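Values in this text are rule-based calculations from the coordinates and carry no lab data. Here the structure is a predicted model, which means the values were calculated and not measured. Note: ideal-geometry Cβ built from the backbone for every residue, glycine included; neighbour counts use all protein chains shown.
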Amino acid sequence: MPSCPAHRLAPARRAARTGAVVVAAGLALAACSADVAPAPDAATPAASPAETSPAPSSTPTEPSAGPSPSPSDTPSPRAQEPEPADTPTYPSFDPHTDRALQTIAAMEATFGAGAFKVEGDDDGTRWKLELTQGDDRLKVKAEADDTGIATTDTKRDDLGDDDREALGRAQVSLSEAIVRVVESSGGVLDKAELEEDDGLAYWEVEVDLGDDDEHYRVDVATGTLSRDA
């Protein structure tokens, strides 16, 4: 082999070294690139939290049949209707006395007035009453039977001073006086009315005991019962 001059070998060696350096640098760069994660593409936006959250279940929740009733919405058993406070109730007596008490209650409710006299016929179908309404005296006639009670005639005049004063002291009503006398005597009511004697006001109640009639007094203020001599 012919020998190469020294000045020709030097450039060749330098070129070989340069190639080797380039190859080594390329290999080193490739290794660094493999170790470093690629940077995200700036043009691609990051996923939002909503996009990364799991999709809702495809099974819909069935709605409830209706709102749960609150304690106030739950119907309670209906209570028995109470009787009005201003409607008096009395024991049952004989038909005549019962009809008298019913007629008094009906007329007092009709006129908004208090009765202070009642008297009926023998069969208990026709009644005469006197009631106080303010400064007036109402004289009322009524008919009563099994179908009801109806007013047939009404007259109005002035209430006397003595009656007004006596009624102003009354703590016991005409009907209450009748009940006390009938319960005590066992008789059947004939009539009852307001009376006065020496400044004493009382209900005079007459009852039929079969063979005889008896008269009783009931103090309008105290309700004290006494038999009239």
Query - Every residue from region 151-183 that is polar (S, T, N, Q), surrounded by 14 or more Cβ atoms within 10 Å (Cβ to Cβ) and more than 16 Å from Leu101 (Cβ to Cβ) - result: Thr151, Thr154
Query raised in the report: What number of residues within region 115-124 satisfy the criterion of being buried (at least 16 other Cβ atoms within 10 Å of the Cβ) and of a type outside the set (Phe, Trp, Tyr)?
Result: 6
Report summary line: When (1) buried (at least 20 other Cβ atoms within 10 Å of the Cβ); (2) without any contact (Cβ under 8 Å) to a residue 24 or more places away in the chain are applied to Ser226, the one that fails is (1)
Report summary line: Expected output for region 176-201 (first residue on the phi > 0 side of the Ramachandran plot, partner surrounded by fewer than 19 Cβ atoms within 10 Å (Cβ to Cβ), Cβ below 9 Å, 6+ apart or cross-chain) is Gly186/Leu209
